[in-house]
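Undergrad: Mind looking over this structure? Questions follow.
The values are calculated or read from the model by the stated rules, or taken from the named source; none is laboratory data. Please read these numbers as outputs of a predicted model, since none were measured by experiment. Please note: Cβ atoms are built from the backbone with ideal geometry, for glycine as well, and neighbour counts cover all protein chains shown. These accessible areas exclude ligands, DNA and RNA; they are computed on the full protein's heavy atoms, side chains included. Shrake-Rupley method; radii C 1.70, N 1.55, O 1.52, S 1.80 Å.
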Amino acid sequence: MIKIEMTVNGRPVSGEVEGRTLLVDFIRQTLLLTGTHVGCDTTQCGACTIHLDGEPVKSCSVLAAECAGARITTIEGMANADGSLSSMQQAFQDYHGLQCGFCTPGMVMAATALLEENPTPSEAEIRHHLEGNICRCTGYHNIVKAVQAASGQDVTPVAAE
Amino acid sequence: MYDFDFERPTTIQDAVEALKAEEAIAFSGGQTLMPTMKQRLAMPSKVVSLTAIDEMKGVRLDGTSLWIGGATTHATVKRELAESYPAMSSLAGRIGDPSVRSRGTIGGSVANNDPSACYPAGTLASKGVIVTDRREIPADEFFQGMFMTALEEGEIVTAVKMQVPERAHYAKFIQPASRFPLTAVYVAKFDDGVRVAVTGASEMGVFRWTEAEEALSSGFDAGAIDGLATPDGADMISDLHGSGDYRAHLVKVMTKRAVAAA
């Protein structure tokens, strides 16, 4: 077993993992932070997206042992300090950017990472950035609107490319 | 995944030592290797992560000579080369998706030499040289076929060197399910000639389309290759996404698009 320490949502955590332990399993099963979802387990769907040292990663495709010393943020760490939703979370609610909600944690994490890199993305840039996050319900349009709103831009009637 | 020993050395020397173990494998981001291991198509006894080796990270530019550390992620290359080598930045920014680009590395990509990967084409077109823990290998000799390279057992890609061309563009016809190229062409114009590297098409992996290089070297214009025959479709990958002849056709189309956009 390998002993690891990291910071998750601002709190120091530690645990013992096998070499093969996936980061998402450490997050869900050891830390009991089950907001991060496992959709495909094959690096395709993006439901398990979290932030690793500020960058979006699919936590089903990162080894926990590789994250020793890292700074991690999950969906549980997104709300504001007073418990209110982050602007991205609020925008997903306001613009009905979810239906079943399974992909939503990953969508919010991916979209939040986009705005940190590019505060006012175009519609095309939003769609390009979310290519790794699959949603089977919404058809994406309302997700795109939510990201436009969260970035303080006009929400245009969007259509598929 | 089957369990394995895990090591995360912080120097190249320690990584080379760690890789001397029986059935040890280098792990440089793991965006291909981890899904492969989950499917049990790879069952290493030991995984040696290269992501904590600082001397293998970063992008350095000296004139037109570019050095990219082997453990540098696609996201970093995209960011660092945005001004100095936009075509390579664009290539890096179109690999996979943002999460893959946060973890995947150039060293891992060239060492794996997937026949549809992006970096082998960019590296080959940009007069690349693969730097390892023991030698330097020109890209023309490094890429040897589908998933085949000149790497020896336990040899680590520590950096990739390139030359920044006068003009370049990477034209990628995407396979939308995998986001790998169905066929893609990297065109680079240097003062002493043009290089055209093709990925996603050949059964032998990345290759240079020399007929197009000659035609474009005498006139860098998309029309310069109009008269050329497409490469032989019989040598091309044929699968449910496209026949060999279709890919051969795409080689010419994407070359023209790359030249027009360069």
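Undergrad: Determine, yes or no, whether A:Ile2 is open to solvent by 10 Å² or more (accessible area, probe 1.4 Å), within 13 Å of chain B (Cβ to nearest Cβ), of a type in the set (A, V, I, L, M) and in contact (Cβ under 8 Å) with a residue 12 or more places away in the chain.
TA: yes
Undergrad: Show the residue pairs that are 6+ apart or on different chains and have beta-carbon atoms under 6 Å apart, the first residue being within region B:5-34 and more than 11 Å from B:Thr51 (Cα to Cα), the second being open to solvent by 60 Å² or more (accessible area, probe 1.4 Å) and assigned to a strand (DSSP E or B).
TA: Sorted first by the residue in region B:5-34, then by its partner, the pairs are B:Ala18/B:Glu7.
Undergrad: Just checking, how many residues over region A:41-50 are touching a residue at least 60 places away in the same chain (Cβ under 8 Å) and surrounded by fewer than 24 Cβ atoms within 10 Å (Cβ to Cβ)?
TA: Residues meeting the conditions: 2.
Undergrad: Working only within region B:82-109, note down all residues that are in contact with a strand residue (DSSP E or B) (Cβ under 7 Å, 6 or more places away or on another chain), over 23 Å from A:Cys60 (Cα atoms) and either part of a helix (DSSP H, G or I) or open to solvent by 20 Å² or more (accessible area, probe 1.4 Å) (or both).
TA: Within region B:82-109, B:Ser84, B:Ala87, B:Ser90, B:Leu91 qualify.
Undergrad: Another question, then. Can you spot a residue in region A:73-86 that is of a type in the set (Asp, Glu) and open to solvent by less than 40 Å² (accessible area, probe 1.4 Å)?
TA: For region A:73-86, residues of a type in the set (Asp, Glu) and open to solvent by less than 40 Å² (accessible area, probe 1.4 Å): absent.
Undergrad: Taking B:Ile137 as the residue in question, decide whether it is in the same structural domain as B:Ser202 (by TED's automatic domain parsing) and either at negative phi or open to solvent by 60 Å² or more (accessible area, probe 1.4 Å) (or both).
TA: no
Undergrad: Something else: Restricting attention to region B:34-81, report how many residues are open to solvent by less than 20 Å² (accessible area, probe 1.4 Å), part of a strand (DSSP E or B) and in contact with a Phe, Trp or Tyr (Cβ under 8 Å, 6 or more places away or on another chain).
TA: Total meeting the criteria: 4.
Undergrad: Further question: Under the condition of being of a type in the set (Gly, Ala, Ser) and farther than 23 Å from A:Ile126 by Cα, which residue from region A:62-93 is nearest to the other protein chains (Cβ to nearest Cβ)? Before the answer, list the steps.
TA: Applying the first criterion (of a type in the set (Gly, Ala, Ser)) to region A:62-93 yields A:64-65, A:68-70, A:77, A:79, A:81, A:83-84, A:86-87, A:91.
Okay, now just the ones that are also farther than 23 Å from A:Ile126 by Cα, so A:64-65, A:68-70, A:81, A:83-84.
Values: A:Ala64: 10, A:Ala65: 5, A:Ala68: 7, A:Gly69: 9, A:Ala70: 10, A:Ala81: 26, A:Gly83: 28, A:Ser84: 27 Å.
For region A:62-93, the residue satisfying everything is A:Ala65.
Undergrad: Restricted to region B:210-221, and to residues that are out of contact with any Leu (no Cβ under 9 Å at 6 or more places or on another chain) and open to solvent by less than 80 Å² (accessible area, probe 1.4 Å), which residue is farthest from B:Ser116 (Cα to Cα)?
TA: Among those residues, the one meeting the criterion is B:Gly219.
Undergrad: I would also like to ask the following. Search region B:3-29 for residues being within 16 Å of A:Met1 (Cβ to Cβ) and either of a type in the set (Asp, Glu) or part of a loop (DSSP other than H, G, I, E, B) (or both), and hand back the single one that is farthest from the other protein chains (Cβ to nearest Cβ).
TA: Per the stated criteria, the residue is B:Glu7.
Undergrad: If A:Thr112 satisfies all but one of (1) in a helix (DSSP H, G or I); (2) open to solvent by 30 Å² or more (accessible area, probe 1.4 Å), what's the number of the condition it fails?
TA: Only one criterion in (1) in a helix (DSSP H, G or I); (2) open to solvent by 30 Å² or more (accessible area, probe 1.4 Å) is unmet by A:Thr112, namely (2).
Undergrad: Let me ask another. Scan region A:89-109 residue by residue and report those that are in a helix (DSSP H, G or I), in contact with a helix residue (DSSP H, G or I) (Cβ under 7 Å, 6 or more places away or on another chain) and either aromatic (Phe, Trp, Tyr) or touching a residue at least 60 places away in the same chain (Cβ under 8 Å) (or both). Before the answer, list the steps.
TA: Taking region A:89-109 first, the residues in a helix (DSSP H, G or I) are A:89-94, A:104-109.
Subset that is in contact with a helix residue (DSSP H, G or I) (Cβ under 7 Å, 6 or more places away or on another chain): A:89, A:91-92, A:94, A:104-105, A:107-109.
Selection gives A:Phe92, A:Pro105, A:Met107, A:Met109.
Undergrad: Within region A:120-159, can you find the residues that are of a type in the set (A, V, I, L, M, F, W, C), part of a loop (DSSP other than H, G, I, E, B) and away from chain B (no Cβ under 13 Å)?
TA: A:Cys135, A:Cys137, A:Val155, A:Val158, A:Ala159
Undergrad: Does any residue of region B:122-131 turn out to be within 19 Å of B:Ser49 (Cβ to Cβ) and either away from chain A (no Cβ under 14 Å) or open to solvent by 20 Å² or more (accessible area, probe 1.4 Å) (or both)? Step through it out loud before you land on a result.
TA: Narrowing region B:122-131 to residues within 19 Å of B:Ser49 (Cβ to Cβ): none.
No, there is no match, as no residue in region B:122-131 is within 19 Å of B:Ser49 (Cβ to Cβ) and either away from chain A (no Cβ under 14 Å) or open to solvent by 20 Å² or more (accessible area, probe 1.4 Å) (or both).
Undergrad: Name the single residue, out of those in region B:204-243 being part of a loop (DSSP other than H, G, I, E, B) and among the aliphatic types (A, V, I, L, M), that is nearest to the chain's Cα centre (by Cα).
TA: Result: B:Val206.
Undergrad: Let me ask another. Among all residue pairs at least 6 apart or on different chains, which show Cβ distances below 6 Å where the first residue, located in region B:71-100, is within 11 Å of chain A (Cβ to nearest Cβ) and under 16 Å from B:Pro120 (Cβ atoms) and the second is surrounded by fewer than 24 Cβ atoms within 10 Å (Cβ to Cβ) and of a type in the set (D, E, K, R)?
TA: Close Cβ pairs satisfying both conditions: B:Gly96/B:Arg179.
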